[in-house]
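The values are calculated or read from the model by the stated rules, or taken from the named source; none is laboratory data. All values reported here derive from a predicted model rather than from experimental measurement. When we count neighbours, we look across all protein chains shown, and the Cβ atoms used for this are built from the backbone with ideal geometry, even at glycine.
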C-alpha cells in the first residue's frame, strides 16, 4: 500500500473546513497590524485605541445584522463568500492610504465583514455532522480558525523581517482570496435546514461560535431580563442573580483585556522595539494559546474547581503587572524581549485559554432554560462593550500617564474579577439555600 493509498481523506462534506484557513490567516493578526500601522503613519496610542474601540463597537450591530440575513435567506454559502471578499477588499484598501482616519474606517469594515462568517460556518458543521459528532467537529473548526490565525502571525513576523508593515496589508488581502475560491467550490448552495437558535442549544457549538466572533444575538435581548440579572433590590436582599455576578466578573476580565491588548503593541513600539520584534513576542504567545486551546477544548462542559479559575486569573493579572514593572526597570534589549515573551505567553497564551473554557462553561450552565437567547445576547454584548471601553481607557491612560500604569490597572482589574467570581459562588450557595 502506498502512502497516498493509506492516507485518511476527509469526508467530502467536511472539506469546506479547510476554506477557513486562509481567511483566518488574513484577519487573525489584523488588530495588531492596525495598531502598529497607525503608529507607522505617525499616529499615537489614542488613535490606535479609537480604531480598536470602533472595531469592537461595530461587531455588536454587525452580529445582529448578519444573524437576520442568515435567517431571511437561509443560505450559508453567499454570506461566507461575502465575508471573505469584504475582508480581502478592505485589508487591501489599507495599503493605498496614508490617512489614519481611513485606516480606522477600513479596519472597522474588516471587523464588520469578519462578523458575517461565524454563524454560517457553525451552522454548516451542525448540518453536515451528526449531533453525536458535534464535539469533535466543532473542535476541528476551532482548531482550523486558531491555526489559521497563528499561521497569519507567523507569516506576518516573517514578512516584517523583510519589508515595511505597509506591504503586509496587501499580502494578507491576497492570502484571503483562496478562502473565497474554496468557499465557492466546496460549500453547498443548498438552503440550510438548521435554525440559528440551535447554536445556543449545545455548549460545544456555543463555545466555538463565541471564539470566532464574541457577539451573538439569536433574538433581541429583553430589557426585563437585563433588569432581573442586575437588580439592585435583589442585591440588597442578597438574592442577586448568580449569573449576573458571573457577567460582572467577565466584564471586568474583558475590560482588562481591552485595556492591555490595545496598548501593549504600542507600548513595545514606544520602548523602541521594531515591528518584527513585537510580532515575535505576540506570535509566540498566540502559538502557546493555540496549543493550550487544542488541549483545553476537551474539557468544555465539564465541572471545574473554581480554584482553577482563580489561579488562571491570578497568573494573568500578575503577568500584566510584571509587564508594567519591566517597562520601568533598566534592562538590556534582549532581556526585555525575553521577559515580555514569557509573560505574554503565560497571560495571553496559557491563562487565557484555560479561562476561556471555564468561564464560557460556567455561563452556559448558569443560563438555564428561561430566556436563554436574551441572557446569552446580553452576555456577548457586555463582553464587547467591556473590550471597547477598555481599549479607550487604555489609550488615554497610556498617553497621558504612562504605559506601565495601563498594565498595572489591567492587572488590578483581573484581581478584582477574582473577588467577584468568589462572590458569585457565595451567591449561588445563598440562592440555593
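Worth a mention:
- Among the residues of the stretch 196-223, the ones that are assigned to a helix (DSSP H, G or I) and either in the same structural domain as residue 142 (by TED's automatic domain parsing) or in contact with a strand residue (DSSP E or B) (Cβ under 6 Å, 6 or more places away or on another chain) (or both) come to 16 in all.
Conditions (1) modelled with pLDDT under 80; (2) within 22 Å of residue 290 (Cα to Cα), marked per residue:
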site: 157; (1), (2): no, yes
site: 163; (1), (2): no, no
site: 169; (1), (2): no, no
site: 176; (1), (2): no, yes
site: 183; (1), (2): no, no
site: 193; (1), (2): yes, no
site: 199; (1), (2): yes, no
site: 203; (1), (2): yes, yes
site: 207; (1), (2): yes, yes
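- Flag for residue 201 being farther than 30 Å from residue 280 by Cα and either in contact (Cβ under 8 Å) with a residue 12 or more places away in the chain or surrounded by fewer than 18 Cβ atoms within 10 Å (Cβ to Cβ) (or both): yes
- Top-ranked residue in the stretch 127-139 [being assigned to a helix (DSSP H, G or I) and touching a helix residue (DSSP H, G or I) at 6+ places or on another chain (Cβ under 6 Å); ranked as nearest to residue 192 (Cα to Cα)]: 128
For every residue, the table says whether it meets (1) assigned to a loop (DSSP other than H, G, I, E, B); (2) without any contact (Cβ under 8 Å) to a residue 12 or more places away in the chain; (3) surrounded by fewer than 18 Cβ atoms within 10 Å (Cβ to Cβ).
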residue: 106; (1), (2), (3): no, no, no
residue: 150; (1), (2), (3): no, no, no
residue: 159; (1), (2), (3): no, no, no
residue: 184; (1), (2), (3): no, no, yes
residue: 189; (1), (2), (3): yes, no, yes
residue: 194; (1), (2), (3): yes, no, no
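- Subset of the stretch 202-217 (residues that are closer than 16 Å to residue 59 by Cβ and over 11 Å from the mean Cα position of the chain (by Cα)): 216, 217
- Qualifying residue in the stretch 80-95 (condition: more than 15 Å from the chain's Cα centre (by Cα), within 23 Å of residue 376 (Cβ to Cβ) and in a helix (DSSP H, G or I)): yes
- Screening the stretch 286-380 for helices (runs of 4 or more DSSP H) wholly inside it with 2 or more residues that are surrounded by fewer than 16 Cβ atoms within 10 Å (Cβ to Cβ) and modelled with pLDDT under 85 returns the ranges 306-326.
- Residues in the stretch 397-411 include none that are under 26 Å from residue 276 (Cα atoms), without any contact (Cβ under 8 Å) to a residue 40 or more places away in the chain and part of a helix (DSSP H, G or I).
- Per the listing 244, 249, 258, the residue uniquely touching a helix residue (DSSP H, G or I) at 6+ places or on another chain (Cβ under 9 Å), at pLDDT below 95, closer than 23 Å to residue 106 by Cβ and in a helix (DSSP H, G or I) is 258.
- Residues (touching a residue at least 40 places away in the same chain (Cβ under 8 Å) and farther than 30 Å from residue 196 by Cβ) located in the stretch 161-173: 161, 164, 165, 166, 167, 168, 169, 170
Residues checked against (1) farther than 14 Å from residue 165 by Cβ; (2) modelled with pLDDT under 95:
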residue: 27; (1), (2): yes, yes
residue: 59; (1), (2): yes, yes
residue: 62; (1), (2): yes, yes
residue: 72; (1), (2): yes, yes
residue: 79; (1), (2): yes, yes
residue: 86; (1), (2): yes, no
residue: 91; (1), (2): no, no
residue: 99; (1), (2): yes, no
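- Only one of 226, 276 that is modelled with pLDDT under 90, in contact with a helix residue (DSSP H, G or I) (Cβ under 8 Å, 6 or more places away or on another chain), assigned by TED's automatic domain parsing to the domain that holds residue 388 and part of a helix (DSSP H, G or I): 226
Every residue, every condition in (1) in contact (Cβ under 8 Å) with a residue 60 or more places away in the chain; (2) closer than 23 Å to residue 185 by Cα; (3) not assigned by TED's automatic domain parsing to the domain that holds residue 205, yes or no:
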site	(1), (2), (3)
83	yes, yes, no
110	yes, no, no
127	yes, yes, no
133	no, no, no
155	yes, no, no
